[in-house]
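Below: the structure, in C-alpha cells.
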Amino acid sequence: MIKTSGLKKLYVTEEVETTALNNINIEIDAGEFVAIMGPSGCGKSTLLNVLGMLDNPTDGEYYFLDHEVSSYTESQRANLRKNNLGFVFQSFNLIDELTVYENVELPLLYQKVAPAARKEKVMAAMDQMSMTHRKNHFPQQLSGGQQQRVAVARAVVARPKVILADEPTGNLDSANGDEVMGLLADLNKDGTTIIMVTHAPQYAEYSNRVIHLLDGRVVSEKMSGAGRA
Amino acid sequence: MLKHYLISTLRRLGRAKGFTAINIIGMSVGLTGSVLALLLVRYELSFDKYHERLDRIHLVVNRSVSASGKVDHQPWLPLPLGPELLATSTEIVRSARLTLGEVIVHGGSGSFEEDILFGEPYLFEMLSFAVIAGDPVAALAQPDGLVMTRQSAMKHFGTVDLIGQPVSLTTEAGRREFRVLGVVENPPAQSTLQFQMVLPLQAWLTYTTRALNWNASNTHILVETAGPVGKFDLTDTFLAILLKNRSDRAPVTDQGEIPTGRRYWNLSLLPFVEAHLSPQYASGLLQPVDPQNLMILAGFAAILLIIAIFNFMLLALGRLQSRFKEVGVRRVVGANGADLTAMFMGEVLLTALFALGISFLILELTLPSFNKLLGRDLALTTATDLGFWASLLLLVGILVLAAGLYPARKLASLQPVQALHGIDPSNPEKRSIQLGVILQISLTIIILVAALVINKQMKFIQEQPLGFNESQVVLYKIATEMDELPLWSQRLKEVLSRDSGVQSVAKVSYSVNRGWNRLGWRDNAGKPWRALVKDVDEDYLKTMEIALLSGRDLAAQDGEEAMLVNEAFVEAFGLDEPIGYVLDGFAGDADRDPTIIGVFSDFHFFSLRSEVAPMILWKNPAEYYQYLLARIAADDVSGTLQRLGDSWKRAAPGIPLNYNFLDEDIQALYIQEQKLQAVTRGAAILALTLSAMGLLGMATIEISRRTKEIGIRKVLGASVPEIMGLLSRRMVVSSLLANIIAWPVAWIVMQKWLGSFAYRIELGPGILLGAASLALLVSLLTLGTLAMRAATANPVDSLRYE
Ligand SMILES: Nc1ncnc2c1ncn2[C@@H]1O[C@H](COP(=O)(O)OP(=O)(O)O)[C@@H](O)[C@H]1O
Ligand SMILES: [Mg+2]
C-alpha cells in the first residue's frame, strides 16, 4: 500500500541546511499498525507528513496505492488525501470556531458527501468515540482527552484507508492516552492501516511493527507487541 | 457547504469584534460616500431625458472671442437670430425664443412678485411638459395668453381649473389683463428649464424695440432640427447669417482667415441634453452644474473607499498568522486552494454586505441634509433603474475583490505543513504591509491638504476687503412697472431716509453683483473702448462706504454728463489725468460726451474668482432704479427693519415688500465653494477617522505580536519611553514616507483648483507640513495609547502571555 525508496527531505533555510530524512526505504501493507519512534528532531514528523502527502519529499520515490506521488502538485495530493487518509495530531488541531459536530463533519464537506449521508456518518463516528453528547460544544469547552477523541472521530469519519497519527497521546494524561490508543487499536482491528509517531514505549506496544529513526535514517525495524503476538 | 462557511464566518467575525467593527465601519463609510456620489452623478446625468424629441433639440450658443483672444461663452443672443435661422436653414424646422422677466401677479390671495418666462409657442411642442388643461401652444400664440404650472395655479388661485380665467399682471410695461389658456404640470426637478408662469414673448416690454435689433443679446434660442444630433453642420448657415446681419462679428475676413484685433462670434448648436453639464453657458435661465465639482466629489468617495480597502487588506494580512492553523486543518482534511479562496472571499463579501446594509441605513438618515446642502432631491427609493443597481453591484464587487483577493491568495497558497506549523513562508509580507500603510496614510494626507487649502482659501476670500462695507446694508426691491420707477424710487427713498435707524439710502439699478452694462465710447484716435457701467444715484459711494480717491462725488444736480470711474479704469486706459477726461459718444450716442469727475477705489462686485474690471458709475438718465440700498444703524436692526417694512407698506401698498441683506447676497456668490468646503471637511474628517481606525488595528496586531519581546526588554531594563519609541518607530517612518507620495499629488491638484480664483492664497509648505503633522499626530495618538499600555504593563504578565 505504501512504499518509499531513497526518500530524502532537505530543509534549506538562510543559515542551515537540515537533512530531515535521508534515504528512507520502507514498505507498509494494508492493515498494519506501524509505530515510528526516535529522539526529538530525528525526522519522525517529517516522515509522517511526507507519507501523509502533506509535504513533498526532496528526492526519492513514494508509491501510495501504486501512484508515484512524490512530484504531485498540492491539489493532486489534496485529492488523494481526502479520499484515503485521516490525520490525528498531538495538538488536536480542532477549529475553534466550529462545534464538535462541525469539526467532525469537515472532511465530508470537502468530499461533497450528500447531507443525509453526511449526518449519518458524523453521528456514527461520534458515537464510536462516545462524543455524541458533546456535539454542540466548542473545542475550548472540552478536556484534552475529549478533544483528541473528536480529532480521531474527524480522522475516521470518511472511512480512510490509512490513519496517520503524530504523537496523538503527547498532550494527554495516561488515562486519556490509554483511551485514545484503545480507539486506534479498535480501528486497526476493523482493517484501517495506522501509522503512528510516539515517544512512549508502552504505546508502541499497540503496534505490530516499530520503525526507529535516528538523524533522518531508519536504524531498525522490528516486530513488536501486537505483531509478535 | 454554503451554510457551513456562513456559520463559521459569522462566528469568526463575532469573535474578532474590534477588527470586524473596523472593517464594517470603514467599508460602510466608503460605500456610503460612493453610493452618494453614484446617486448624485446619476441624477445630474439624467437631466432633461424625458423630452421625447430630445435628440433634435438644441440651444443656439455663442462662443465669442475678444480682440485679445479671450473666449466668452454666451447663450444670450440677438432676438432676430431666431426667425433668421428658420428662414435661412431648411434643417432647422422650429424654434422658440426664451427670456426671463419679473411680474407682479394680482391673484385671488394678494399681490406677489414672480419670476416669469417669456416664450414662443413651439416651446411646448419641442419640449415635453405634461399638459393638465388648455393648450399652452395656442396660449403663447395669443398676445394675452398665459400658461401656469400646477404650483403657481394652486398658489394664486387654489385650483388648476383655470382655463379662461383672467389674471391681472403688472409687467414692466404696466398692469394688464391676461387669460389663462394653458395649465401644465410643474417642470420636473431634473429639468433645465424651470418656470412658474409663461407669457408670450410678444408681451415682453422690449420685444417690439428689439425684435429687429442685432446689437443686443437678450434671448435664448431653442431650435429643433430635421433629424437627430450629429447630422448637421450649420457652420455655413451661421456664417452667412452673420455676414448678412452682423458682418463685424463674422469670424472671417475677405481672405477667409480668422481676423485678429476684433471681437468675433462663433455660433453653434449645443444639444439641449448637454446644457445641464455645460457650466460655461450658465445664465439666469440655465443653471448648469460643473462636472469638475462632481468629479471632486466622486474622487472623495473613491478615496474613502480605497482607505477602507486598505484597512481591510492590511488588517487581514496582519492577522494572517492567526488563520494558519485553521487553513492547515482544512487543507489536511481535503480543502484545495480554490476552496480556501472561496471561503475567504465569502468572508469579505459578507463583511461588505453588512457594510452595505449599514450604509443604506446611514443614507436614509443623511440624505435629507445632503439634499439640502446640494439643493437636490436624491433618494434611494427613486433609484429604480437597473443601471444604478448594476453599478452598485459592480462597486461592491470591486470592493470585495480589491480588499480580499490578495490576502485570500496568500492564505490559499500556504502549504499544509507550513500552515499547521504556523510558519510564515513570506516574510517579505511585512514589506507589503508597510507599503500599504504608507499608501493609506498618503491618501489621508491628500484629503487633509485639500481640506486645508479649501478652508484657507474660503477664509481668505471672506476676509478679503471687498472695497466696501457690506454689513448692515439692506437691499430693497421696487417691483413695479418701469414707467413708475422714477416716481417710486424717489418716493420710497424719502420714506426710508426719514427713519432714525437709517444712515443713508441710495438708488441703484441692481444689486452689487448684478445689473452691469457693458457700454462703449471712442478715444481721440477713434478707437472703440468698453467698460462696465452701473446706474446709481449721488448717495451710492456714501451708502456703500466706498472711498473716493480724487475729484468729487456725484451730486444731486449732476445728470448724465458726469461720471465716476474706478482705479482699474484709470489704469486700463492709461489716463494720466482722469479728472476732466471726456468719453466721446458714450453708449453709442454721438451727442453724449460725459466727463469723469471723480475716481473711487476698486471694489469687488463679482466673485473673487475674477479680477476687478474697469468700471463706471453714473446716473441713469431715465431714472430706472429698481433697488434701494439702505445702510442702517447696527443697534436694533430688527426693530429698524420692522419700522421700515411698516412705512413701506403704508407708502406703497401696491408694491410688495421684498428685501435682503447685501452680505447674504455676496455670500451667495460663493455658494458652490461653500458646498464644496462642507463636503471636503466632512470627507477629511471621515478619511482621518477611517485611517486612524485602520492604524489602531495594525498597532494592536503589532503589539500583540511583540508582547513577549517587550516583556524581555523590560526585564533587561528598558524604560517606558524606550519601549514607546521602539513601538512607534515604524509608524513614524511610514507617516513621513507617505508625504513623498502625497505632497506632489496634493500640490498639483490643489494648485489647479486655486487657479480658478483671481485672488488666492499661496500654496506654500505650511499647508503641506500642517497636513503631514496632523496625519503623524493622529497616527501617534492612535498608536500611543496602545503602546503606552504595552510599555507600562507588568513584564511578568507580558511574558506569560504566550
Ligand atoms: N519547516 C522546517 N524548516 C526547517 N527545518 C525543519 C522544518 N521542519 C523540521 N525541521 C527540522 O528537521 C528536523 C526534523 O524535524 P521533525 O521531523 O519535526 O522531528 P521530530 O518530529 O522527530 O521531532 C529537525 O532538525 C527540525 O529542526
Ligand atoms: Mg515531531
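Yes/no per residue for (1) over 23 Å from B:N469 (Cβ atoms); (2) modelled with pLDDT of 90 or more; (3) surrounded by 14 or more Cβ atoms within 10 Å (Cβ to Cβ); (4) among the aliphatic types (A, V, I, L, M):
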| residue | (1), (2), (3), (4) |
| --- | --- |
| B:A506 | no, yes, yes, yes |
| B:W516 | no, no, yes, no |
| B:K527 | yes, no, no, no |
| B:Y540 | no, yes, yes, no |
| B:M544 | no, yes, yes, yes |
| B:L554 | no, yes, yes, yes |
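Where residues in segment A:1-18 are more than 14 Å from ligand 2 (Cβ to nearest atom) and touching a helix residue (DSSP H, G or I) at 6+ places or on another chain (Cβ under 9 Å), which of them is farthest from A:K189 (Cα to Cα)?
Ranking the qualifying residues of segment A:1-18, first place goes to A:L7.
Just for segment A:156-174: of the residues that are of a type in the set (D, E, K, R) and within 16 Å of ligand 1 (Cβ to nearest atom), which one is farthest from the other protein chains (Cβ to nearest Cβ)?
My answer is A:E167.
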(request) May I ask you to verify whether B:A419 is within 14 Å of chain A (Cβ to nearest Cβ), at negative phi, without any contact (Cβ under 8 Å) to a residue 12 or more places away in the chain and buried (at least 22 other Cβ atoms within 10 Å of the Cβ)? (result) no
(message) Quick check on my filter: what residues within segment B:647-668 are crowded, with 18+ Cβ neighbours inside 10 Å and under 19 Å from B:Q472 (Cα atoms)?
(response) B:W648, B:L662, B:I666
(request) Select, from B:D591, B:D602, the only residue that is under 23 Å from B:A758 (Cβ atoms), in a loop (DSSP other than H, G, I, E, B) and charged (D, E, K, R). (result) B:D602
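Let's see how each residue does on (1) charged (D, E, K, R); (2) without any contact (Cβ under 8 Å) to a residue 40 or more places away in the chain:
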residue: A:D166; (1), (2): yes, no
residue: A:G170; (1), (2): no, no
residue: A:S174; (1), (2): no, yes
residue: A:M181; (1), (2): no, yes
residue: A:G191; (1), (2): no, no
residue: A:I194; (1), (2): no, no
residue: A:T198; (1), (2): no, no
residue: A:Q202; (1), (2): no, yes
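For (1) out of contact with any Pro (no Cβ under 9 Å at 6 or more places or on another chain); (2) away from chain B (no Cβ under 14 Å); (3) more than 12 Å from ligand 1 (Cβ to nearest atom), each residue gets a yes or a no:
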site	(1), (2), (3)
A:T13	yes, no, no
A:E17	yes, yes, no
A:Y63	yes, yes, yes
A:Q111	yes, no, yes
(request) Inspect segment A:58-75 for any residue being within 16 Å of ligand 2 (Cβ to nearest atom) and under 26 Å from A:L187 (Cα atoms) and give the result as yes or no. (result) no
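Which of the residues belonging to segment A:73-90 are assigned to a loop (DSSP other than H, G, I, E, B) and either modelled with pLDDT under 90 or surrounded by 24 or more Cβ atoms within 10 Å (Cβ to Cβ) (or both)?
Our first condition is that a residue be assigned to a loop (DSSP other than H, G, I, E, B); within segment A:73-90, this holds for A:73, A:90.
Listed by number, the list holds a single entry, A:T73.
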(request) Run down A:L98, A:L51 and say which single residue is touching a Ser or Thr at 6+ places or on another chain (Cβ under 9 Å), within 16 Å of ligand 1 (Cβ to nearest atom) and touching a residue at least 40 places away in the same chain (Cβ under 8 Å). (result) A:L51
(request) For segment A:31-53, enumerate the residues that are over 21 Å from B:V332 (Cα atoms) and small (G, A, S). (result) A:G31, A:G38, A:S40, A:G41
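Take segment A:19-47 and flag every residue that is within 14 Å of ligand 2 (Cβ to nearest atom) and in contact with a Phe, Trp or Tyr (Cβ under 9 Å, 6 or more places away or on another chain). Lay out the reasoning, then the answer.
Filtering segment A:19-47 down to residues within 14 Å of ligand 2 (Cβ to nearest atom) leaves A:20-21, A:35-47.
Matches in segment A:19-47: A:A20, A:A35, A:T46.
Each row is one residue, and each column tells you yes or no for (1) surrounded by fewer than 16 Cβ atoms within 10 Å (Cβ to Cβ); (2) modelled with pLDDT under 95; (3) in a helix (DSSP H, G or I).
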position	(1), (2), (3)
B:R175	yes, yes, no
B:P188	yes, yes, no
B:L193	no, yes, no
B:T208	yes, yes, yes
B:N213	yes, yes, no
B:V229	no, yes, no
B:D233	yes, yes, no
B:T237	no, yes, yes
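Quick check: anything in segment A:51-61 among the polar types (S, T, N, Q), surrounded by fewer than 22 Cβ atoms within 10 Å (Cβ to Cβ), within 20 Å of the chain's Cα centre (by Cα) and away from chain B (no Cβ under 14 Å)? Break it down stepwise before answering.
Taking segment A:51-61 as the starting set, the residues that turn out to be among the polar types (S, T, N, Q) are A:56, A:58.
When the remaining residues are screened for being surrounded by fewer than 22 Cβ atoms within 10 Å (Cβ to Cβ), the result is A:56, A:58.
After this cut, where a residue has to be within 20 Å of the chain's Cα centre (by Cα) as well, the list is A:56.
Now narrow it down to the ones that are away from chain B (no Cβ under 14 Å): none.
The answer is no; no qualifying residue exists.
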(request) Select from segment B:421-458 the residues that are modelled with pLDDT under 85 and basic (K, R) and write down the one among them that is nearest to ligand 1 (Cβ to nearest atom). (result) B:K430
(message) Can you tell me which condition B:T341 does not meet? The list is (1) within 14 Å of chain A (Cβ to nearest Cβ); (2) of a type in the set (S, T, Y); (3) buried (at least 22 other Cβ atoms within 10 Å of the Cβ), and all the others hold.
(response) (3)
(message) Just to verify a result, which residue in segment A:25-44, among those that are buried (at least 18 other Cβ atoms within 10 Å of the Cβ) and more than 7 Å from ligand 1 (Cβ to nearest atom), is nearest to the other protein chains (Cβ to nearest Cβ)?
(response) A:I36
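The values are calculated or read from the model by the stated rules, or taken from the named source; none is laboratory data. All values reported here derive from a predicted model rather than from experimental measurement. Virtual Cβ from ideal backbone geometry, glycine too; neighbours counted across all protein chains shown.
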